[in-house]
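Peer 1: Next up is a structure, given as C-alpha cells.
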Amino acid sequence: MRKSLIGAALVLLCAVGAMAADDGRFWLRWTGRVPAMTGLAPAAGANAVPPERATIAGPGAPAIPRCAPSPALVEADLAATRYLTVRKTEAFLVWHEGCLVSEHYVTGDAATPRAAGAMAKSLEALAAGRAIREGVIPGLDAPVAATLPEWRGDARAKIRWRDLLSMHAGLQWYRQEASPFSDFQRIIIGSDYAPRALALKSIAAPGALFDYSAWTYDVLGLALARAGGAPYETLASRWLSAPLGLHPMKVYVDRPGGNVHANCCLWSRADDWVRLGALLVTESRQPRLLPPGFVEEMRQGGPDQPNYGLGVWLGSPYRPERRIASPRNPYPTPVKSVIRQSEPFLAGDVMVFEGVGQTKTWVIPSRGLVIVRFGAAPEDWDDARVPNLYLKALGS
C-alpha cells in the first residue's frame, strides 16, 4: 500500500513537473477555469480573462471643455437619461462640436476605470491609421506578410492590412474546447499566444468572407508591434494616448512583458472614448493624426457585411436586427448577440465602437456628435433610440 502511495505521488509530481515545463502559467489559469467550464461555477467565469494587465500609458489631458447645451438638446438629454438610467447604464456622456454637453455617472465617477471590451478593436484600427500616417505601414492595401514572415509562401501572403481591419482576412477559427490540450484554450490563456495566432490557416480568399473574429485582431496587434518595432501598448501610447491626452488604460496580456490581446479586454475611463470618437469627427474634416481619407475608408463596409468597416460597426444600411457573430463561426455554442434597432439612424454616417454588453460609442461626424454609453445589455435595448433623440434635436 505504501509503495502504491509513493508511486502515485511520484506520478503526480512528474505530471506537475511536466505541466510546469510545458507552460506553468497556463496550467494555473486553466485549473482556475475548470469549475466554470464544467458547470460547477457560474458560466460567466468560463471566458474570464486572467488578471495580468499591460498599461497603455497616457498623460491625461485637462478635462474636456463643457458647454451649456441648447434648449433642444436639454430636452433630448432628459429623454435619453430616462431611457438609459432604467437600462443598466453605468456612464453616459455626450459631446457636440468640441464641448461636453452632458455627463452622467450612475456608478463611480469620471476617474472610474470601466470595461470597454471589444471597443479595443476600434482603438486598434485607429492605431493602424496612425501607423500609416507615421510611415510604419505603407498603406491599407500593403501585404501584411511583409511584416509577418510566417505568412510568406502560402495563401496568407495575399492578406492585406485592410483585410485584417475589416474582418475579411479569411483565417480559420480554433474550435471552442475545454481541453487544456486544445488550441482554443492555449490561444486565450496561454502565456504566449503568438505562435498559435500566427499559425491560423487560410480558409477563404482575402476580402471575400466576413468573420467577426477575436483572433484576427490579435494578429493585427502582433503585426502592428512587429511593424512599429515596439510592444503594442507602447505604440498605442505614442500614437494615440500622447497626442490625444488619454488617461492610462489597462489591457489583458498573455504574460508580464508579453503580448497584448489587443482585440478586447480593455479597462479605461469613459471620457477617453469621447476623445477617441471626437478624433474621427475632427479627422473627417481636417486630417492631422490619421492619413487623409482614412475616416472615409473606415466607413466602407464589406461585400458580404455592409455594416462593418475598418474596426467600426456602421449604422447604414439599416437593419432591424444586426447579428454580430458570423454564421460560419464553428463554435458549438456560437455567440448569439443580436443588436436590435427600431428605425434607421437619422444620419447616414453613424459609426459605432462596440464593446461588452451595450457599451458603445456612437460617432456621427456630419453632426459633430459623439455619444458614449457604458453598461450591460438590457433585453429591450433599441440601438437607434438614444442617437436619434439627439439627432432629431439637432434638426437632422
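The values are calculated or read from the model by the stated rules, or taken from the named source; none is laboratory data. These numbers were taken from a predicted model, which means no experiment stands behind them. So basically every Cβ, Gly included, is an ideal-geometry build from the backbone, and we count neighbours across all protein chains shown. Accessible surface is based on the protein model in full, side chains and every heavy atom, while ligands, DNA and RNA are left aside. Shrake-Rupley method; radii C 1.70, N 1.55, O 1.52, S 1.80 Å.
Peer 1: Restricting to segment 145-175, what's the tally of residues that are under 28 Å from residue 313 (Cβ atoms), open to solvent by 60 Å² or more (accessible area, probe 1.4 Å) and at pLDDT below 95?
Peer 2: Summing the residues that are under 28 Å from residue 313 (Cβ atoms), open to solvent by 60 Å² or more (accessible area, probe 1.4 Å) and at pLDDT below 95 in segment 145-175 gives 1.
Peer 1: Give the number of residues within segment 242-251 that are part of a helix (DSSP H, G or I) and either without any contact (Cβ under 8 Å) to a residue 40 or more places away in the chain or touching a Lys or Arg at 6+ places or on another chain (Cβ under 7 Å) (or both).
Peer 2: Within segment 242-251, residues that are part of a helix (DSSP H, G or I) and either without any contact (Cβ under 8 Å) to a residue 40 or more places away in the chain or touching a Lys or Arg at 6+ places or on another chain (Cβ under 7 Å) (or both) number 1.
Peer 1: Scan segment 74-97 and report the pairs whose first residue is assigned to a helix (DSSP H, G or I) and whose second residue is among the aliphatic types (A, V, I, L, M), with Cβ atoms within less than 6 Å and a gap of 6+ or a chain change.
Peer 2: Note: pairs meeting the criteria are 76/389; 76/393; 79/389; 80/386; 80/389.
Peer 1: Out of all the residues in segment 188-227, which are open to solvent by 40 Å² or more (accessible area, probe 1.4 Å), touching a helix residue (DSSP H, G or I) at 6+ places or on another chain (Cβ under 6 Å) and small (Gly, Ala, Ser)?
Peer 2: 202
Peer 1: Return yes when residue 274 is more than 19 Å from residue 51 (Cα to Cα), in contact (Cβ under 8 Å) with a residue 60 or more places away in the chain and β-branched (Val, Ile, Thr) and no when it is not.
Peer 2: The answer is yes for residue 274.
Peer 1: If you scan segment 113-129, which residues turn out to be out of contact with any strand residue (DSSP E or B) (no Cβ under 7 Å at 6 or more places or on another chain) and either outside any helix (DSSP H, G or I) or more than 17 Å from residue 272 (Cα to Cα) (or both)?
Peer 2: If the condition is that a residue be out of contact with any strand residue (DSSP E or B) (no Cβ under 7 Å at 6 or more places or on another chain) and either outside any helix (DSSP H, G or I) or more than 17 Å from residue 272 (Cα to Cα) (or both), then 128, 129 are the ones that fit.
Peer 1: Quick test for you: out of 312, 274, pick the one residue that is out of contact with any Lys or Arg (no Cβ under 9 Å at 6 or more places or on another chain) and among the β-branched types (Val, Ile, Thr).
Peer 2: 274
Peer 1: Report the residue count in segment 71-105 for those that are open to solvent by 50 Å² or more (accessible area, probe 1.4 Å) and either of a type outside the set (S, T, N, Q) or more than 25 Å from the chain's Cα centre (by Cα) (or both).
Peer 2: The qualifying residues number 12.
Peer 1: Shifting gears a bit: Determine whether segment 21-41 contains at least one residue that is modelled with pLDDT under 55 and either assigned to a helix (DSSP H, G or I) or touching a His at 6+ places or on another chain (Cβ under 8 Å) (or both).
Peer 2: No, because not a single residue in segment 21-41 is modelled with pLDDT under 55 and either assigned to a helix (DSSP H, G or I) or touching a His at 6+ places or on another chain (Cβ under 8 Å) (or both).
Peer 1: I've got another one for you. Anything in segment 299-321 that is farther than 15 Å from residue 360 by Cα and surrounded by 23 or more Cβ atoms within 10 Å (Cβ to Cβ)? List them, or say none.
Peer 2: Those that are farther than 15 Å from residue 360 by Cα and surrounded by 23 or more Cβ atoms within 10 Å (Cβ to Cβ): 309, 310.
So that you can scan it fast, the table gives a plain yes or no per residue for (1) farther than 13 Å from residue 117 by Cβ; (2) at pLDDT 95 or above:
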site: 371; (1), (2): yes, yes
site: 376; (1), (2): no, no
site: 380; (1), (2): yes, no
site: 385; (1), (2): yes, yes
site: 391; (1), (2): yes, yes
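Peer 1: Go through (1) open to solvent by 10 Å² or more (accessible area, probe 1.4 Å); (2) touching a residue at least 60 places away in the same chain (Cβ under 8 Å) for residue 122 and report which single condition fails.
Peer 2: Status for residue 122: all satisfied but (1).
Peer 1: Where residues in segment 271-298 are touching a Pro at 6+ places or on another chain (Cβ under 9 Å) and in a loop (DSSP other than H, G, I, E, B), which of them is most open to solvent (accessible area, probe 1.4 Å)?
Peer 2: The qualifying residue most open to solvent (accessible area, probe 1.4 Å) is 288.
Peer 1: Here is a follow-up. Out of (1) open to solvent by 10 Å² or more (accessible area, probe 1.4 Å); (2) at pLDDT 95 or above; (3) within 26 Å of residue 229 (Cβ to Cβ), the odd one out for residue 108 is which?
Peer 2: Residue 108 satisfies every listed condition except (3).
Peer 1: Identify all residues within segment 357-396 that are small (Gly, Ala, Ser) and touching a Lys or Arg at 6+ places or on another chain (Cβ under 6 Å); write none if there are none.
Peer 2: As a first pass, look at segment 357-396 and keep what is small (Gly, Ala, Ser): 357, 366, 368, 375-377, 384, 393, 395-396.
Listed by number, the residues that qualify are 375, 376.
Peer 1: Kindly indicate whether residue 136 is more than 21 Å from residue 282 (Cβ to Cβ), surrounded by 21 or more Cβ atoms within 10 Å (Cβ to Cβ) and in contact with a helix residue (DSSP H, G or I) (Cβ under 9 Å, 6 or more places away or on another chain).
Peer 2: Criteria not met by residue 136.
Peer 1: Among (1) assigned to a strand (DSSP E or B); (2) at pLDDT below 95, which single condition is residue 100 missing?
Peer 2: (2)
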